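Here the structure is laid out as structure tokens; the discussion comes afterwards.
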Amino acid sequence: DGGFYHFLTFFNHPDFGIIMRNTLSLSLLKLLFAFPLPIVFALALNEMRGTKIKRIVQTVSYLPHFISWVIVYGLAFTLLNTASGVVNEVLYRLGYKKIEFLTQASHFWPMAVVTDVWKELGWWSIILLAAMTGIDPSQYESARVDGASRLKCIWHITLPNIKGTMAVVLILSIGALMS
């Protein structure tokens, strides 16, 4: 009875509808951006020819996944605060007005989406890159012999071969919708 009381209190709260609407809206926004960007990023990494720089970019991009949200917000504060944030310092030196990213309500939703995408971009792209390594290179060679450009190879070979992995990533992302 004690724990169920808290659920009833929450569901009967006057702001319950607003809370649910905001949670679902923010989650859908995150899904809208956090699903396609890792695909594009993984495709870009897959097309890179320099293996050393590719490995560095991969490592730097997936490390945020293993960092706690407290540290992510600490980094965001360090980069974006009005007094000494790097981003605002650059804006100021370029002659622009400093932006209060962290204190204006109008910036909350974009900041929440951007930090979520930044935190998870590398992780999902590594999973997609792993799927890309399973594609038979002879498919690309045949396409190039037939005159296919890199973009046509991506569209007609890479994407169809990783569609199962993309579906799994989408399902897992939808599963985390209410988190």
Rounded to the nearest 0.05, FRET efficiency between Leu177 and Ala105 (Cβ-Cβ, R0 22 Å) equals 0.40
Virtual spin-label span in nm between Ser149 and Thr59, 7 Å along Cα→Cβ: 3.5
Size of the dipole of the stretch 8-151 about the Cα centre, Lys and Arg at +1 and Asp and Glu at -1 on the beta carbon, nothing else charged, in debye to 20? 380
By a straight-distance test (C-alpha under 25 Å), which lysines pair with Lys54 as possible cross-link partners, with residues fewer than eight away in the same chain excluded? Lys119, Lys152, Lys163
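From the helices alone, meaning DSSP H stretches of at least four residues, give me the mean residue ellipticity at 222 nm for the chain, per-run term -39500 (n - 2.57), in deg cm²/dmol to the nearest 500. Display every interim value, and only then the final one.
Working: 10 runs with 125 residues, N = 179.
Here the helix-only value at 222 nm equals -22000 deg cm²/dmol.
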Contour excess over end-to-end distance, with Cα ends at His13 and Tyr92 and 0.36 nm allotted per residue: 24.0 nm
Across the stretch 155-163, in residue order, what do the Karplus-derived ³J(HN,Hα) couplings come to in whole Hz, using 6.51 cos²θ - 1.76 cosθ + 1.60 with θ = phi - 60° and x for Gly and Pro? 5, 9, 10, 5, 4, x, 6, 10, 4
Quick one: among Leu43, Leu91, Leu29, which has the greatest mean-square fluctuation in a GNM of the chain with alpha-carbon springs under 10 angstrom? Leu91
Could you put Thr158, Thr103, Thr23 in order of accessible surface area, largest first, with the 1.4 Å probe and the full protein assembly present? Thr103, Thr23, Thr158
Enumerate the calculated ³J(HN,Hα) couplings along the stretch 99-106 in order (Karplus 6.51 cos²θ - 1.76 cosθ + 1.60, θ = phi - 60°), each rounded to whole Hz, writing x wherever the residue is Gly or Pro. 10, 8, 4, 9, 10, 8, 4, 5
Leaving ligands, DNA and RNA out of it, work out the accessible area of Phe11 with a 1.4 Å probe and give it in Å² to the nearest 10. 110
Hey, in the GNM for the chain with a 10 angstrom Cα cutoff, which one of His13, His107, His156 fluctuates hardest? His13
Starting at the first residue of the stretch 126-142, write each ³J(HN,Hα) from the Karplus equation 6.51 cos²θ - 1.76 cosθ + 1.60 with θ = phi - 60°, in whole Hz, x for Gly and Pro. 5, 5, 5, 4, 4, 5, 5, 5, x, 7, 5, x, 5, 5, 5, 4, 5
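The values are calculated or read from the model by the stated rules, or taken from the named source; none is laboratory data. From a predicted model like this one, the values you see are computed outputs, not experimental measurements. Methodologically, a virtual Cβ is constructed for each residue, glycine included, from the backbone with ideal geometry; neighbour enumeration extends over all protein chains shown. All accessible areas refer to the heavy atoms of the entire protein, side chains included, with ligands and DNA or RNA removed. Shrake-Rupley method; radii C 1.70, N 1.55, O 1.52, S 1.80 Å.
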